[in-house]
Amino acid sequence: MNQYQLIKLAKRVGLYALIAVVLVYAVFPFYYAVITSLKPSGELFRVDFWLSSLDFGNYAQIFTQKSFVRAILNSIVVSLSVVAIALLLGITASYALGRVRFRGRTTVMLTILGVSMFPQVAVLSGLFEVIRALNLYNNPGGLILSYTIFTLPFTVWVLTTFMRQLPMELEEAAIMDGATPWVTITKVFLPLMWPAMATTGLLAFIAAWNEFLFALTFTLTDDQRTVPVAIALISGGSQHELPWGPIMAASVTVTVPLVVLVMIFQRRIVSGLTAGAVKG
Amino acid sequence: MTTQATDSAPRVGRPTRAGYRGTKVRRQRVRAAWLFLTPMLVALALVAGWPLLRTFYFSLTDASLSDTAGATFIGLENYLVHDDGAWYGLLTDPVWWTSVWNTFFFSVVSVSLEVVFGIIVALLLNAEFRGRMLVRAAVLIPWAIPTIVSAKMWAWMLNDQFGILNHLLMALGLIDAPLAWTADASLSMWAVIMVDVWKTIPFVALLVLAALQMLPRDCYEAAEVDGIHPVKVFFRVTLPLITPALLVAVIFRLLDALRVFDVIYVLTSNSTSTMTMSIYARQQLVEFQDVGYGSAASTLLFLIIALAVVIYLYLGRRQLGVDQ
């Protein structure tokens, strides 16, 4: 009996040790970035595991830089617009795909799935031409437009799965009362879809906030960049003298909102991700 | 869904399909459906369909970035051309073939590692322990961090002179001299894989975890009663049951890995030892301004991914639920 308990204890210890390893692995790089960003520049090149003093010099430096503040604003504008467009187009499309049976529905669903798997670089030259023709080059508008290629298919797909799960009776009652499809969507489904829309909106926001290739290619000047590009292009005197302090400060600044969002909406994000893949 | 509808909706009526389709409500709904789909379809045509066709077309021209309109048609010359006794074009460029090889190497190695570690993390998160929710949230952090930021964070940790990784490895006595993780041609691909694996384990782990939580309990109780070793239970019961979810995760990750760009661009920029197809195509398109040649590379990448998608649709039809 005693031996049995010992084995049980050993298993428990092993489990917690493994969890600790996973935790350190997942969190340490971010933790180290935070530490680096809070070091005075003189101590930057000494490896420390703990913080001995707080120094906000790096943050002061990036926030007095006009282009970085501008990049944050650009990122916010672009991401929020992308979310709004994706949800607006997504909710109506998902009603059509989730609630109505019509010929060609499978084709449309497969098209959407296909688009969501496009390599971005495959449309780069064509999209470049479209954006220039619409006079949106080096403009947040061009990014908002191009980001629909990856946010829209995903939003439609996930909202459609959610839309299908809603009970049929609701819609029947609306039809009996003579409601048009538009009224059915806005008055009956929309109030019920808020949780799903929050999830997909959040995922679309994160995707737009993190996008790099289009933002790098379709913008030219510092005042039109988004944060990922701004961070990637921070450079020092030479390639080997990158200003790591400010880079880490900028990295932490753009990541903290996302980490907070993920912590708060953890359950929603998980359900959204798995709805898009497993149940999809 | 439709049977549900007809069963409980006497107004719409059960009769034949043709009768159902003929009702006024039905016709109104189908018309509304197409009306609602139109904006989305137009948007997708504008940002995906048309640009893709233009890319195909550009790959057959000598277009340059500054003048895409004045391009002339040159047939397949961007891909392969015989001139003056020698072959030229994309298909003869050794750098292109290096980038094809790099892309596949990166995809296969990183996705395999992600799946193995993803399953381990998922099994761990599926166990009962205190603070489980907190650990699950913490594990999600790498997934939430922008790729660019994670690449920069790792670039700092992998820094050859001041990086913490070299510091740790030297302190442990595993290496004698600092390693140039991102500059050394034999190490840089592994550095890139390391960062990608770190960032995407959470995604795989979450999908596997969702599948684990839907598993029937009685199998495990039966196995426990019979005294079967947990490792055997995992390979005989758990693994077969989560295979569908695993397949979905693998394909999603594989498609992502085949078009990888951000991590590599930030960590090693245009170095040949880590150049992938996306990096190669963008370099030709934007930096060398050669839209025709770059589009040819993009087109080949698209065809490779399209092939993967077709295989996915074929294998995953059951999970998709698009066919009734």
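The values are calculated or read from the model by the stated rules, or taken from the named source; none is laboratory data. Here the structure is a predicted model, which means the values were calculated and not measured. Positions of Cβ are backbone-derived with ideal geometry, glycine not excepted, and every protein chain shown enters the neighbour counts.
Which ones in segment B:116-140 are among the β-branched types (Val, Ile, Thr) and buried (at least 21 other Cβ atoms within 10 Å of the Cβ)? Steps first, answer last, please.
Taking segment B:116-140 as the starting set, the residues that turn out to be among the β-branched types (Val, Ile, Thr) are B:116, B:119-121, B:135, B:139.
Of everything in segment B:116-140, those that are among the β-branched types (Val, Ile, Thr) and buried (at least 21 other Cβ atoms within 10 Å of the Cβ) turn out to be B:119, B:121, B:139.
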Only one of B:279, B:305, B:242, B:228 is closer than 29 Å to residue B:126 by Cβ, assigned by TED's automatic domain parsing to the domain that holds residue B:211 and surrounded by 15 or more Cβ atoms within 10 Å (Cβ to Cβ), namely B:242
Filter result (of a type outside the set (Gly, Ala, Ser), within 11 Å of chain A (Cβ to nearest Cβ) and surrounded by fewer than 21 Cβ atoms within 10 Å (Cβ to Cβ)) within segment B:252-276: B:254, B:255, B:256, B:261
With B:179, B:174, B:165 as the choices, which residue is farther than 30 Å from residue A:203 by Cα and not in a loop (DSSP other than H, G, I, E, B)? B:165
Does at least one position in segment A:88-97 carry a residue that is at pLDDT below 90, within 7 Å of chain B (Cβ to nearest Cβ), surrounded by fewer than 24 Cβ atoms within 10 Å (Cβ to Cβ) and in a helix (DSSP H, G or I)? no
Could you pull out the residue among B:9, B:43, B:33 that is within 7 Å of another protein chain (Cβ to nearest Cβ), closer than 25 Å to residue A:117 by Cα and at pLDDT below 90? B:33
Across (1) touching a helix residue (DSSP H, G or I) at 6+ places or on another chain (Cβ under 6 Å); (2) among the polar types (S, T, N, Q); (3) in a helix (DSSP H, G or I); (4) more than 8 Å from chain B (Cβ to nearest Cβ), residue A:138 clears everything bar (3)
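Just to be sure before I move on: is residue B:99 under 30 Å from residue A:18 (Cα atoms), at pLDDT 90 or above and under 28 Å from the mean Cα position of the chain (by Cα) in the structure I sent? Please lay out each step first, then the result.
Working: under 30 Å from residue A:18 (Cα atoms): no; at pLDDT 90 or above: yes; under 28 Å from the mean Cα position of the chain (by Cα): yes.
It is false that residue B:99 is under 30 Å from residue A:18 (Cα atoms), at pLDDT 90 or above and under 28 Å from the mean Cα position of the chain (by Cα).
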Scan segment A:98-133 for residues that are more than 7 Å from chain B (Cβ to nearest Cβ), at pLDDT 85 or above and within 22 Å of the chain's Cα centre (by Cα) and report the count. 1
Return the pairs, sorted by first residue and then second, in which the second residue is of a type outside the set (Val, Ile, Thr) and outside any helix (DSSP H, G or I), the first residue lies in segment B:224-246 and is under 24 Å from residue B:312 (Cα atoms), the beta carbons are less than 8 Å apart, and the residues are 6+ apart or on different chains. B:238/B:215; B:241/B:215; B:242/B:215
Does segment B:75-115 hold any residues that are out of contact with any Gly (no Cβ under 9 Å at 6 or more places or on another chain), surrounded by 13 or more Cβ atoms within 10 Å (Cβ to Cβ) and not in a helix (DSSP H, G or I), and which are they? B:88, B:89, B:93
